[in-house]
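Accompanying notes for the structure given below.
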Amino acid sequence: MFEGLGGIVLLVLVAFVGLFFLVFMWLLLPLFPTWIRAMTSGGKISPMKLVLMRLMKINPQVVVQARIMAVQANLTDVSTSGLEAHYLAGGNILRVVQALIAATRARLGLNWDTAAAIDLAGRDVLDAVRTSVDPKVIDCPDPSRHGRHTLDGVAKNGIQLKARARVTVRTNLSQLVGGAT
């Protein structure tokens, strides 16, 4: 059937193509449900991009889930490459996208770069957005934790002081990034 040098070259070429096809299918087959999920929900990430994510040690399921959330919330500044870069930098892309969705609904004007910077700075960006939208009220002392309703003190001259404080805290998102400036 295969005769001579041409037959050997053809046999090696067929074996190489077959091996390449098997490796590609080994990489692509587990990602097929993720690709279908991305395509049917509007995320639109190519199969080759999913394979490259897997080779770069990026979890494709997390990126696809974040991309779907961003697309369905009409966030236009969230790109797949931005999600990948933030994932590789050690950020939590799902929390950042959830924070962007909450900030967009509250009309805070938060963009992807700022939210990603807040996340990489070690802050919980979703909690910061929630605190910016709905301020926290802190009672000092907290009667539910200590059972006391006031802070008591006595001065040198014997006058007793009882104090209670209530503080409202609202996050200023523009001050969470670039603290050195």
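Annotations
- Condition check for Leu173: touching a residue at least 60 places away in the same chain (Cβ under 8 Å), buried (at least 18 other Cβ atoms within 10 Å of the Cβ) and either out of contact with any Pro (no Cβ under 6 Å at 6 or more places or on another chain) or not hydroxyl-bearing (Ser, Thr, Tyr) (or both): yes
- Whichever residue in region 77-87 is hydroxyl-bearing (Ser, Thr, Tyr) and crowded, with 18+ Cβ neighbours inside 10 Å and, among such residues, is nearest to Lys57 (Cα to Cα): Tyr87
- Residue check for Val17: β-branched (Val, Ile, Thr) and at pLDDT 85 or above: yes
- When Val63 is tested against the conditions (1) open to solvent by less than 20 Å² (accessible area, probe 1.4 Å); (2) under 18 Å from Ala128 (Cβ atoms), the lone failure is (2).
- Residue check, Met48 farther than 14 Å from Val97 by Cβ and open to solvent by 40 Å² or more (accessible area, probe 1.4 Å): yes
- Of the helices (runs of 4 or more DSSP H) lying entirely inside region 1-60, the ones with 3 or more residues being of a type in the set (Gly, Ala, Ser) are found at 4-28.
- The number of residues in region 53-85 that are modelled with pLDDT under 90 and over 22 Å from Asp113 (Cα atoms) comes to 2.
- If the condition is being within 24 Å of Val167 (Cα to Cα) and over 13 Å from the mean Cα position of the chain (by Cα), then region 107-126 contributes only Leu108.
The values are calculated or read from the model by the stated rules, or taken from the named source; none is laboratory data. In this text, all values refer to a predicted model and were calculated from it rather than measured experimentally. Heads up, the Cβs are rebuilt from the backbone with ideal geometry, glycines too, and the neighbour counts pull from every protein chain shown. The area values use the complete protein model at the heavy-atom level, side chains included, leaving out ligands, DNA and RNA. Shrake-Rupley method; radii C 1.70, N 1.55, O 1.52, S 1.80 Å.
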